[in-house]
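The structure appears below as structure tokens.
No lab work stands behind these numbers, since they all come straight from the coordinates. Please read these numbers as outputs of a predicted model, since none were measured by experiment. When we count neighbours, we look across all protein chains shown, and the Cβ atoms used for this are built from the backbone with ideal geometry, even at glycine.
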Amino acid sequence: LGQIRLATGDYTRGRPLFERALAIAQAAPAPGARWRAAIGLGSIHEREGRLTEALPLFQEAVKTIEEVASQFDEEGTRVQFLQAGDRFGPYEALARVLLKLHEQAPSKGYDQEAWAVLGARKGRLVAELLTAARPEPQDPRVREEAREAQAKQDQVLALEAALREEEAKPAQERQPEKVQNLTTLLAQTKAGYV
């Protein structure tokens, strides 16, 4: 029902539906419902111009999807999970809000975070698709390049996990300089990866 309210622009009646769904999903726990409720509520905030309220909701949606995806041991199952139900949409929503926030406050580093999110989405998609296809290049040089790319991807995933962990801390425990350093290192690693 919240999705219908969102689609029709009835944000006043949609907001409490998503808030209730999010509270229930967080208490259950129900990760599938949690990321969907977070993205719905975040979308309402974004459309109403409340970007700082949308940001943590989109971050929660991405974090939840990453947590669920990391639980799958089998690559094919993980790929199916990520490809089903527009699970890459929250990455795009998060990057979009970060870029809008960057326009409002260019010195806060939102642009670097946005590029990191887009890179994570791209890296996750490429890595999952390549893993599912299990390509084995015949050329030894190409095999070595593929191994190096996988090592970079592993490094990117580790940095993303560290960044998510730091961002998940309560505000009084969070270290802004650590977040900035991880964001910068992540952007640099991805720049070398692309």
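What the table shows:
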{"quantity": "Rounded if a/c under 1.5, otherwise prolate or oblate - the stretch 1-73, Cα gyration tensor axes", "calculated": "prolate"}
{"quantity": "Peptides 41-52, 176-187 ordered by average Cβ neighbours within 10 Å, highest first", "calculated": "41-52, 176-187"}
{"quantity": "Difference of contour (0.36 nm per residue) and Cα-Cα distance, PHE88 to LYS178", "calculated": "29.8 nm"}
{"quantity": "Model label zone, GLU165; criterion: amide N under 20 Å from point 7 Å along Cα-to-beta-carbon; scope the stretch 36-72", "calculated": "59-72"}
{"quantity": "Total formal charge among the other residues, if their Cβ is under 13 angstrom from that of LEU1, Lys/Arg +1 and Asp/Glu -1", "calculated": "+3"}
{"quantity": "Contour excess over end-to-end distance, with Cα ends at ASP154 and TYR11 and 0.36 nm allotted per residue", "calculated": "47.5 nm"}
